[in-house]
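Take a look at this one; I'll ask things after.
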Amino acid sequence: MEQARLLLAIGLSFLVLFVWSMFFTEKPPVNQTAETETVEQAAMPVDRDEREQPPAAANETVQPAVKTAGTSQATEIQASREIKVETPFYNVRITTRGATVTSYVLNEYREAVEVDAPKKQLIPKEIQGGLFHASMSNRSIQGLEDAVFTVDRNESDIRVNEEKKSLALHWISKDGVTVSKIFTFDPQSYMIDLKIVLSNNGIERVADSLELSLRSPVMKDKGYGFVGPSALIDSKLEQVKAKKIEDKNEFNGKISWIGVEDRYFISSIIPGEETEGRMKLALNDETITNKLVNPAFELAPGSSKEFQFYLFMGPKSMDLLSHLGHGLDKALNFGFFDILAKPCLWFMNQIHSVIPNYGVAIILLTIFTKILLWPLGNKSYKSMSEMKKLQPLMTEIREKYKDDKQKMNQELMALYRTYKVNPMGGCLPMVLQIPVFFALYRMLYQAIELRHAPFFLWINDLSAPDRLFDFGFSIPFMEPPYGIPVLTIVMGATMLLQQKMSPPPGDPTQAKMMMLMPLVFTFIFINFSSGLVLYWLVNNVLSISQQYYVQKKNQ
């Protein structure tokens, strides 16, 4: 029993250290007006009114236009402008400078939980120049990096409500190569169709590789998830942490998509067909660039070449990503626990479709999980109950042979054999439940369904820590807002009660360690999402009920 208790203590200690490391990992500065998610704070939300005002002429960028094959030597002046496209799912701004996307606002998501919070902006303002910039690996088309495109329409506002609409931008290099970028917007989808057409009207052959890029600030995540550049290459998900880019920044193979992820959202570039290419990463000034490098091509004078892409910027919703195809659903990755976490997420969403409250869905999911693990729990609590009956005899043996550890262990083992008690019987079933906990932790932490999802009363965001009141002053080791973590305190009380119901270890040091566990877990859980705390609380209540039932039955 001593060894069994020690193993359990060690296992729980590893669990605590694991969670502790996540709790104390380096965090970015906290913006108290934004939501408490560290990843989305790192994205630096932008005021919607500021980003969506039509650009004034005084603020337009002016630069000399690149001389085309038919222009004179005189320098022309050309101004860049922005075109705003509104769809039911998002509002996007495209600038003629580089024909890139400078703003992408989701209509169904907000920056914070408050109802008057601005809508979610997926392109942070520190990313200058926009996303989906096209370039050439060897710069064979001179001037493309700084090109100002022309637009095939005069209006600056396009509304896409009933049918697909396209926006075409064109630019001609001084060597006579025309670059066209045609964006097509679908009112029924997040997906944007992008065609890039190269037409060589010059006299020189063009040989190069087309690159299309994403950029993002370096993001840090306090949880057990992933943020940063990723790709699906050869049907395998590649996720590269910022600190690992220097070690390896190129990945070759058949590319299904490349992207940049945070906790809840992803921006991605999808080739029209899986193509043998490269994901090329760069880290400069706290900015990550993720490039899709397409296969090399040659373009003879008088010929054209078309490249087909799809652009997706939106939520990492399992249902949505699965529906879009192209292997995007693999971006929602729960790691080693994927096989357990995704069925749990699916089941939770099914419950929510009937009972539209994710707090209730978590409770019912926990009950269902407990029912599946009921036989393991019965074995564990039955073994604990039998061990509790032997406590007086075990105490007597320890006292009698306190100066002879070897003899004491021999007598204890003989006692177990006499009463047919397995000292590990109470520990192993509990250890087997740990993977379920981690799977649910990752699922509840990453599920966008819980983002800003209310439960009841003061718990208005199941993805954030629960706080009753706001003290208005900081509390050590607590993330804002600073209030009473009621749900976490109740959870700690249930852990303490459950600990008292279990047979105490014979070793005083182990006994003190086990009694401190509820306090340590309560301290760590104060900054965990209320959805995870709710799961742990309900699981504790069900475990206490099961343990009480088994103990009464075996008296």
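The values are calculated or read from the model by the stated rules, or taken from the named source; none is laboratory data. Note that the coordinates shown come from a computational prediction; the quantities given were computed from them, not determined experimentally. Positions of Cβ are backbone-derived with ideal geometry, glycine not excepted, and every protein chain shown enters the neighbour counts.
Do the conditions hold for residue 141, that is, is it surrounded by 18 or more Cβ atoms within 10 Å (Cβ to Cβ) and in the same structural domain as residue 86 (by TED's automatic domain parsing)?
Yes.
Here is a follow-up. Could you look through the range 144-169, keep only residues that are of a type outside the set (A, V, I, L, M, F, W, C) and either crowded, with 17+ Cβ neighbours inside 10 Å or assigned to a helix (DSSP H, G or I) (or both), and pick out the one that is modelled with the highest pLDDT?
Ranking the candidates gives 165 first.
Same structure, new question: Does residue 250 satisfy being closer than 26 Å to residue 208 by Cα, out of contact with any His (no Cβ under 6 Å at 6 or more places or on another chain) and of a type in the set (D, E, K, R)?
Yes, satisfied.
Residue by residue through the range 297-329, note down the ones that are touching a residue at least 60 places away in the same chain (Cβ under 8 Å), closer than 25 Å to residue 101 by Cα and either over 25 Å from the mean Cα position of the chain (by Cα) or not in a strand (DSSP E or B) (or both).
Applying the first criterion (touching a residue at least 60 places away in the same chain (Cβ under 8 Å)) to the range 297-329 yields 297-317, 320, 324, 326-328.
Right, trim to closer than 25 Å to residue 101 by Cα and you get 304-317, 320, 324, 326-328.
Listed by number, the residues that qualify are 304, 305, 306, 307, 308, 316, 317, 320, 324, 326, 327, 328.
Separate question: Which residues, counting only those in the range 170-191, are of a type outside the set (A, V, I, L, M, F, W, C) and assigned to a strand (DSSP E or B)?
The answer is 170, 178, 180, 181, 184.
Any residue at all in the range 384-392 that's loosely packed, with under 13 Cβ neighbours inside 10 Å, closer than 27 Å to residue 409 by Cα and not assigned by TED's automatic domain parsing to the domain that holds residue 487? Show your work before the answer.
At the first step, the residues of the range 384-392 found to be loosely packed, with under 13 Cβ neighbours inside 10 Å are 392.
From what's left, closer than 27 Å to residue 409 by Cα: 392.
Retained after the next criterion (residues that are not assigned by TED's automatic domain parsing to the domain that holds residue 487): 392.
Yes, there is a match, as at least one residue in the range 384-392 is loosely packed, with under 13 Cβ neighbours inside 10 Å, closer than 27 Å to residue 409 by Cα and not assigned by TED's automatic domain parsing to the domain that holds residue 487.
Also, quick follow-up: Could you pull out the residue among 419, 441 that is closer than 30 Å to residue 321 by Cα, in contact with a Leu (Cβ under 8 Å, 6 or more places away or on another chain) and among the aromatic types (Phe, Trp, Tyr)?
Residue meeting the stated conditions: 441.
Which strands (runs of 3 or more DSSP E) sit wholly inside the range 213-267 and have at least 2 residues that are in contact with an Asp or Glu (Cβ under 7 Å, 6 or more places away or on another chain)?
Where strands (runs of 3 or more DSSP E) fall fully within the range 213-267 and carry at least 2 residues being in contact with an Asp or Glu (Cβ under 7 Å, 6 or more places away or on another chain), they are 228-233, 250-261.
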